[in-house]
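The values are calculated or read from the model by the stated rules, or taken from the named source; none is laboratory data. Only a predicted model underlies this, so the values are computations on that prediction, with no experimental measurement involved. With ideal geometry, Cβ positions are generated from the backbone for all residues, glycine too; neighbour counts draw on all protein chains shown.
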Amino acid sequence: MLIQVGTQEKLLAEAPTAAGSTIREGMIDSDSLLVSLWVNSVTAGALTVTVTTLTDEGKETQIISFPAVSAPTAELLLKKSAVSLQRFKVTATYTGGCDYEIYVRAIAGSGESSAKILGSDNWQVSQLTLGTTPQVLISSSLNDRNGVLIKNWSAAANVFIGESLAKADPLIGYPLAAKDALALDIAAGAEVYGVSDIAGADLRIVESGA
């Protein structure tokens, strides 16, 4: 399958009933690719999707990773690669029954830019109750954020922030003690994960340019 720039193809649409994995390969006639994931249902376990780019078999590197999905998605999950070779591989791994769809679109440009977004008319606030299991605080998006502020509004809980599920760990994550805050910029496709040392941490999040 060769996907021309500006067009998209449905790469996967299946409803497996047991644990396993599915791999699909394709090629793009562009500099990078945009991948969408929609999950209708997850009956057990979780679904994870990764995308690698490669030359020959065994000579590859990961360019996209979606967070593990354990429930139906409320909105379409989108991720784009900064750069990609012509050949790509999508791997969906599921630990139980699920029903999902994956589309791939070939897009122009490398996904990198030296321009800086100076301001935005849009911003939003949200609250999240964090437990002792790492989870996504800021999900991937096509829109860059001008700024993100995460405030640990808990009275006693310590929160630890990381750029991946593995990094949201009390041993290596960025610590936010009670009433501490962290400000950062989030580019398209980036995510923020967090975990608390006790259940019920109260996080307040402000996003501008979302």
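Among (1) over 30 Å from Pro175 (Cβ atoms); (2) modelled with pLDDT of 90 or more; (3) hydroxyl-bearing (Ser, Thr, Tyr); (4) surrounded by 13 or more Cβ atoms within 10 Å (Cβ to Cβ), where does Thr132 come up short?
Unmet condition: (1).
Being aliphatic (A, V, I, L, M) and outside any loop (DSSP other than H, G, I, E, B) is the filter; apply it to region 36-58 and report the residue that is nearest to Ala82 (Cα to Cα).
So, considering only residues that are aliphatic (A, V, I, L, M) and outside any loop (DSSP other than H, G, I, E, B), the one nearest to Ala82 (Cα to Cα) is Val51.
Just give me the residues in region 156-200 being part of a strand (DSSP E or B), of a type in the set (A, V, I, L, M) and within 28 Å of Leu37 (Cβ to Cβ), in sequence order. Reasoning before the result, please.
Of the residues in region 156-200, the ones part of a strand (DSSP E or B) are 159-162, 174-176, 181-186, 192-196.
Among the residues that remain, those that are also of a type in the set (A, V, I, L, M) are: 159, 161, 176, 181-184, 186, 192, 195.
Answer for region 156-200, where residues must be part of a strand (DSSP E or B), of a type in the set (A, V, I, L, M) and within 28 Å of Leu37 (Cβ to Cβ): Val159, Ile161, Leu182, Leu184, Ile186, Val192, Val195.
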